[in-house]
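So the structure is just underneath, and the comments pick up after that.
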Amino acid sequence: MIEPLRFSFSVECPVDHAFDVWTARTSMWWPKTSTMSQQEGLEVIFEGREGGRIFERTPAGQEIIWGEITVWEPPRRLGYLWHIATDRESATEVEIRFSDLGDETTRVDIEHRGWEKLGERGPGWRDTNRGGWDGTSRFGRRRIALGSTPPCARSDCRRPTLSDRREAYLTGTNCTSRSVASLAMNSSSRSPSSASMPRSDFGNGLNDSTSSVACPRWRLSFQFAR
């Protein structure tokens, strides 16, 4: 038996959000270098059901199959056959578990197994996939979390909840319900660097569309990706 690949990491978001981003918003964070076509604007799609396909769709509409979902138990467990860059008969097995650690933190455990069925190719293909998982899990870990914020100096401010963060993303407001434009304008007179809204370091995914909101008292580090 060839030892499975195992990876674990934690992300600062609820378990349902982690599962949703992994399976329904994969194009947001999956590195383009880990796709077949490596084209700008491609989509990575998990069909959310047992038997559903996992595939990439190019801007021209070409669909390239990567695998097939075998376990669909949102938001706790996902399993699939994986045969990207090879044929289905050579598919290996991936199982991912999402565990609620409390305090809006989720542990993600990945196991990739079944290398022995490939015979002599097994050890080499395992090593190739280890490199792929190293990059993919790194980008996934950064993208899945909604971002944390430091405590505000204002006495009427509080740590943003998940609902706050979603509301800020949808409406363009921060924890004190002032507009992004207003915040940037106000902060520009106090700290030009706070108003510059720098890009985050998440920018190696397929679609880099994060946004930061500047605060007059301190930079509010909401970081969202569509």
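Computed from the coordinates by the stated procedures, all read-outs in this text should not be read as laboratory data. From a predicted model like this one, the values you see are computed outputs, not experimental measurements. Cβ atoms come from the backbone with ideal geometry, glycine included; neighbour counts cover every protein chain shown.
A few points about this structure:
- Ile64/Glu120 FRET efficiency (R0 30 Å; Cβ-Cβ; nearest 0.05): 0.70
- A crude spin-label estimate for the pair Asp87 and Met1, with each label 7 Å from Cα along the Cβ direction, gives 2.8 nm.
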